Structure formats: structure tokens, C-alpha cells
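Visitor: Here it is, the structure, as C-alpha cells.
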Amino acid sequence: MTQDHHNRPVEQAAERSTKQESEGFTEQWSERCIVIVGMTGVGKSTIGAHLARQLARRFVDLDHYIVEKTGKTIPQIFAEKGESVFRLLEARALEECLALGSDVVVSTGGGAIVTPSNRQLLQGTPLVVWLRADLEDLIGRVSHDTSRPLLVDDPQAALERLSQERGPWYSQVADLSIVTADKAIPEIVDSLVTRITADSPLSTDGGEYSAGEGPSQDSLGGSATMIIERVQLDRGRSYPVIVGPGARHELAGLIPDDVRKVAIVTQQGIDVAVDPGVDHQVFMVEDGERAKRLTVVEDLARAFAQWGMTRHDAVVAVGGGVVTDLGGFVAATYHRGIKVIHVSTSLLGQIDASIGGKCGVNLVEGKNLVGAFWQPTAVICDTEVLSSLPSREFRSGLGELAKYHFLGGGDLQLLDLPKRVAACVRIKADVVAADEREGGKRAILNYGHTLGHALETASVTGSDGAYAIRHGEAVAIGLIYAAEVAFALGRIDEARLAEHRRVVHGYELETQLPPDSDHHELVQLFKRDKKAVHGITFVLDGPLGVEPVVVNDEDLLLECLSKMEHDRI
Ligand SMILES: NC(=O)c1ccc[n+]([C@@H]2O[C@H](COP(=O)([O-])OP(=O)(O)OC[C@H]3O[C@@H](n4cnc5c(N)ncnc54)[C@H](O)[C@@H]3O)[C@@H](O)[C@H]2O)c1
């Protein structure tokens, strides 16, 4: 382990500008007109009305405003004039409502965000609150509602598409965001009132941002290319994930005020320089999985102690999944837990490993056998640094990326890289929000992993336990296999199976088993998978989406493996 020293005290408070400061506005949050945005069915009108009552403000529902002005219902306007005329009416109505004064709470329709002029307005003076919910919750709420013209044919498909399209826009304009699932309306409203009346967008309390806190889009050096996602946890905890080219330069602004020393944990060869803006040292660990060992944790903790790090200081882990897993675990255990920020530098790390708080190290007996759940204070996914990633590592990330297509991501290939990374972060963040400690839903992130893990284990040839196949490469093959099994069980049709092949091929990833794979060995390895509590368990696609399924029919599993033999497809 090597160290390098660099002291540069920076006045933290000066680095943090809120949206109002960066745009020259002097109003506090509590003095600004509030606009509620979010997907159809998330509860914007109800929460907006309650919020207005609590803050003693006027409440305007944008759709009702349009109905009153035109004398027609929204479905009537859509049927008679079409969506484009409705959007024009909506844009005019929003402008008028924002001109009503600062003591107003306006709830918008889910699609108001689609109109560029509306987004421009929302990026100006109003305080924009983004209400979020799981797709499943939304589907449950709106599937029988015939008053929503865009959802009449196939509500589920429409909601998936709309949430994919609109998510980045909501994120772009929002000052605050809050997940509404499993929360009672008074709890949501109380949380918002606390935040709005507190006026400060950044929390330094305990190193985690509470609901809706964190930097706004405009506080990030005014960069229009940065996307902010939030991981919302229970008890009001949450943290921001900053995605975009150059995002590493936002690090100093994300270091909590009480942090005096920062230990930067990184690997030789990563060569991503960061400046946390406070006294810091760089602690180098060796390359590869070998860095994820308890002895390395001890070495780091001892070096931290010798440097005089206290429980108020922080770790910044700069690297791929190995470094963030290791850095997170050292942070979780040093002084019984100090803050950690991940600067994720690999594609796999950005869309998966750095999000969700799972960290740990390996034992000789197996991977990730010692670990913790330790949520970071913030995560930075700088897409610029991916250009130095070895191409095989990038491809490995693409295997995980392909997985997200089937977890609600839709056609991610249509997005540019930062948006694609952000979309994956959003999906993972939502899964983590629903299941922080892997009690249930988080299992869906294992899509493609039952065969994937088996292929990794089967690929070990040397005594060092190293896998010959990269994780994402194995997951890509595992996705196709999971689709074959789902098809054989009648859970998905041929078109969906073909879609799996199209997506994985689209990333130029392998879809066939490695040559000479031993099918019987793979089935034995399925039995050792950590999901196999009640028998061999796969995460499979199906009519209700992706879910864990016990599959004990070994003949069927072998038959599906034979369909994927190298020279068969
Ligand atoms: N905690 C979680 O939820 C979670 C999820 C998935 C995977 N993981 C873990 O993540 C690890 C795999 O992560 P990974 O695929 O990022 O591997 P990795 O961290 O080993 O990185 C791959 C290689 O790329 C190099 N590298 C990383 N960023 C670079 C850059 N910008 N430029 C040049 N080189 C760079 C690394 O030094 C390494 O040699 C595994 O240990 C796995 O267990 C954890």
C-alpha cells in the first residue's frame, strides 16, 4: 500500500450553491411557488392539496384549471383536439399559475414535463417537488382509471414507457424528491414541510441526506449535462448519485461539512484523480479481486489510525466494484462506521456495485462472505473516466446493463451513455428503496446470475481462484439461459425470448455457453447458488415481470443448456 499526501483546505460552504443562488434568486425555498411533478397516479393532487393546507397556501391543480378554463374534460380535449393542443393549453395554464404569486402550490399533470418550455419554466424560480413511486404501485393505482387518455390501451406498457421517457426530465427540474410508496400522506407532507421550511438543500447530519435533500441540478457547477438520481431509504434517509461526464469534479461539494480528513482508497492503474477539497491522503491497494481481503481491510484501518482519522472523517473509494466494495467495508467498520463516498470508475460499478450499500470482502472459502450494508453519503458516476476502462471490463459492464432492459429499463440502447447509466442507477435505486437489506425484491437484480455465477465458478482453472470469464460476460449468457428456461416453462413467448437475444447481441456479447461446458456440473452449481434455499432458484421473466422461481426439473434445465451449446445456435 502506498500513500501520497496533499493538503488543501477549502471553505466547504462556499462550494455549495443552491438553485436560487446559482441563478441569482434571493428567495428562500419557503418563499417560492411550489410545483409538484411526477408520474400519473403518484398522488400529486392529493399531496399538493395537503401540502398547501399545511403551508397555508393556495392550491391549484393544473388539470382542473384547464378544465375550468375550457369547459371540457381532459379526455374530451384529447379526443377532440389531440395531445398537441392539450400540451399547448397546459403550457399556457402553467405559465398563468406560476404568475399567481409565490404563495401557491401547483400540482401538474404527469406529462407537463414533456413540453420543453414547461421544463424551462420549472428550472427557473419555482421550488419543484418530484413525487416518485414504483412502477408496480403506479400500475395498481391507475390501471382502472379511464380518465387518463394516455393509459387507456395497455396501462402497464404505457406507464413503463412514460416513466422511462420522463424520469430524466423530472430529475432535471427537481429541487426535492420523495418516494411515496409505503408512506402515509401525512408522513410525506410532514417530511416536505420540514424540508421546505428548513430552506437548506444540503444536510450534514450523520453523513446521509434525508428525503429530498442533496444538491439540485443547478448546484452542480451549473452543469447541464449532470444527472442526479437519488437513492431513497427508510427513516427519511437518502443519498444522491451524480451521473455525467466530469462528475468527479463535484466531489468537494459532496463532502459533509464536519469531515476534516478524507482517505482516498484506489488502485494502481485507475488513474482517476479527485480532489475532496479537504486534507486527504491516497491509499493504494493492489489490482483485482485480491484487494478484497480481510488483511487489506486491516492494513487500511491501521494506516487510517496512524494518520489520525477520527469517526468524523470519511473514505472516498475511487475505482470499480472491487474498490467500492472494499472501501465501503473499511468505512463500515473503522471506528464502527465512518462516511463513505463512492467515485465509481467502471461501468459495472456505476450501474450496479456502487449503488445500494452492499460492501464486503472475500474469503478463501468464497466471494463476498464477509460484508455489511453500509450506505454511502453520495455516489459519483463520472462517465468520462469510462474511456480508460479496458475494453473487456467495459464489455463486462454491458452484460449487467443488458439485464436492466428486462427490469423495466426498456430500450436503453436509444439513450446516450450518461442517460443509460442514470436509467440503470434509477432502477437499482428503486429496487434498493423497496428492499434495502435484500429481504425480497432485491433478488430481481440477480436476473441472469444463476447461470452467470455457475459459469464464473466453472471457469476457475488456476490455484488463485481467478475466474477466466468476466462477471458481465457470464451474466449476458445467463440472461439468455433464463429466457430459455422461462420460455420452456411457458412463462414468456417466443417474441420475448427473441428480444433477450436481440438485446444481448446488440451489445455484441456472447449468447452461447463457453465451449466444452459441463452441463451436469453447471446444474450442480445451480444447487449451491445462494438463492437455492427451497431448491434450484432462478430469477425468471414472466407475466408479472421478473421474479424468483424455484425450478427443480433438472431435465428441463439440461435441455435448455443443450440449446445453448456453442455450436448449436
Ligand atoms: N456491492 C455490490 O452491490 C456489487 C454488485 C456487483 C458487483 N460487485 C463487486 O464488484 C466487483 C467487480 O467490479 P468491476 O467489474 O468494476 O471490477 P474491478 O473493480 O476489478 O475493475 C475492473 C478492472 O478495471 C480497472 N479499472 C476500473 N476503472 C478503471 C478506469 N476508469 N480506467 C482504467 N481501469 C479501470 C480496475 O483496476 C480493474 O483492473 C466484484 O468484486 C463484485 O463482487 C459488488
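Readers should treat all values here as calculations from the given coordinates under stated rules, not as data from a laboratory. Values in this document were obtained by computation on a predicted structure and should not be read as measured data. Note: ideal-geometry Cβ built from the backbone for every residue, glycine included; neighbour counts use all protein chains shown.
Visitor: Tell me which of THR537, PRO515, ALA433 sits at the most positive position along the dipole axis of segment 423-569, charges placed on C-beta atoms (Lys, Arg +1; Asp, Glu -1).
Guide: The Cα lying farthest towards the positive end belongs to ALA433.
Visitor: Where Lys and Arg each count +1 and Asp and Glu each count -1, what net charge lies around ASP529 among other residues with Cβ under 13 Å from its Cβ?
Guide: Around ASP529, the surrounding residues sum to +4.
Visitor: Counting C-alpha atoms alone, how compact is the chain: give Rg to one decimal and Dmax as a whole number, in angstrom.
Guide: Looking at the chain, its Cα Rg and Dmax stand at 24.5, 77 Å.
Visitor: Dipole magnitude of segment 227-434 about its Cα centre, charges +1 at Lys/Arg Cβ and -1 at Asp/Glu Cβ only, in debye to the nearest 20? Mind dumping the intermediate values first?
Guide: Numbers: 22 positive and 24 negative charges, 98 e Å.
Using only the charged Cβ atoms, the result is roughly 480 debye.
Visitor: Also: At 222 nm, what value in deg cm²/dmol follows for the chain if DSSP H runs of at least 4 each add -39500 (n - 2.57) and the sum is divided by all its residues, to the nearest 500? Present the calculation step by step, with values, prior to reporting the outcome.
Guide: Numbers: 20 runs with 222 residues, N = 569.
Computed ellipticity for the chain at 222 nm equals -12000 deg cm²/dmol.
Visitor: Over all alpha-carbon pairs of segment 227-434, lay out the pair-distance distribution in 10 Å bins, whole %, shortest bin first.
Guide: Reading upward from the zero bin: 9, 38, 38, 14, 1.
Visitor: Can you list the HN-Hα couplings for segment 328-344, worked out from phi with the Karplus curve (6.51, -1.76, 1.60; θ = phi - 60°), rounded to whole Hz and with x for Gly and Pro?
Guide: Values, residue by residue: x, 6, 4, 4, 5, 10, 5, 6, 6, x, 10, 5, 9, 10, 9, 10, 7 Hz.
Visitor: If you don't mind, another one. So, counting K/R as plus one and D/E as minus one, what does the shell of residues with Cβ under 11 Å around ALA454 add up to?
Guide: Details: positive: LYS527, ARG528; negative: GLU456, ASP518, GLU521, ASP529.
That sum, taken over residues with Cβ under 11 Å, equals -2.
Visitor: Could you list LYS183, LYS563 in order of exposure, starting from the residue whose Cβ has the fewest other Cβ atoms within 10 Å?
Guide: Details: LYS183 19, LYS563 16.
Final ranking by Cβ density, sparse to dense: LYS563, LYS183.
Visitor: With θ set to phi - 60°, apply the Karplus curve 6.51 cos²θ - 1.76 cosθ + 1.60 along segment 393-405 and write out the HN-Hα couplings as whole Hz, x wherever there is a Gly or Pro.
Guide: My calculation for segment 393-405 gives 5, 4, 4, 4, x, 5, x, 5, 4, 4, 4, 5, 4 Hz in order.
Visitor: Okay, next question. Express in whole angstrom the spacing between the alpha-carbon centres of segment 326-363 and segment 48-122.
Guide: 43
Visitor: Rounded to the nearest 0.05, what FRET efficiency is calculated for SER463 and VAL85 with R0 set to 56 Å and r the Cβ-Cβ distance?
Guide: Numbers: r = 71 Å, r/R0 = 1.26.
Efficiency at R0 = 56 Å is approximately 0.20.
Visitor: Given a cut-off of 18 Å, name the pairs among LYS441/LYS527; LYS261/LYS339; LYS419/LYS441; LYS183/LYS428; LYS403/LYS428 whose C-alpha atoms lie farther apart than that in the structure shown.
Guide: Values: LYS441/LYS527 21 Å; LYS261/LYS339 11 Å; LYS419/LYS441 24 Å; LYS183/LYS428 20 Å; LYS403/LYS428 11 Å.
In this structure, LYS441/LYS527; LYS419/LYS441; LYS183/LYS428 lie more than 18 Å apart at Cα.
Visitor: So who's got an amide H within less than 5 Å of the one on ALA378, skipping anything under 5 residues away but keeping other chains? H placed 1.01 Å off N, in plane.
Guide: Here HIS342 satisfy the definition.
Visitor: Which order results if TRP374, TRP307, TRP130 are arranged by neighbouring Cβ count within 10 Å, fewest first?
Guide: Values: TRP374 20, TRP307 16, TRP130 26.
By the 10 Å Cβ count, ascending: TRP307, TRP374, TRP130.
Visitor: Could you go through segment 558-564 in sequence order and give the Karplus-derived ³J(HN,Hα) for each residue, using 6.51 cos²θ - 1.76 cosθ + 1.60 with θ = phi - 60°, rounded to whole Hz, and x for Gly and Pro?
Guide: Calculated HN-Hα couplings, in order: 5, 4, 5, 5, 5, 5, 10 Hz.
Visitor: Right, something else. Quick one: which residues, 5+ away or cross-chain, put their amide H under 5 Å from the amide H of VAL549? H built at 1.01 Å from N.
Guide: PHE538, VAL539, LEU540
Visitor: Subtract the Cα-Cα distance of GLU31 and SER562 from 0.36 nm times their separation in residues, and report this length gain in nm to one decimal. Walk me through the intermediate numbers first.
Guide: Working: separation 531, 0.36 × 531 = 191.16 nm, distance 6.59 nm.
Between GLU31 and SER562, full extension yields 184.6 nm more.
Visitor: List every residue whose amide H lies under 5 Å from the amide H of PHE283, counting only residues 5 or more places away in sequence or on a different chain, with H placed 1.01 Å from N in the peptide plane.
Guide: ILE264, VAL265, THR266
Visitor: If you rank ILE36, ILE270 by fewest surrounding Cβ atoms within 10 Å, what's the result?
Guide: Numbers: ILE36 27, ILE270 19.
So the ranking, lowest neighbour count to highest, is ILE270, ILE36.
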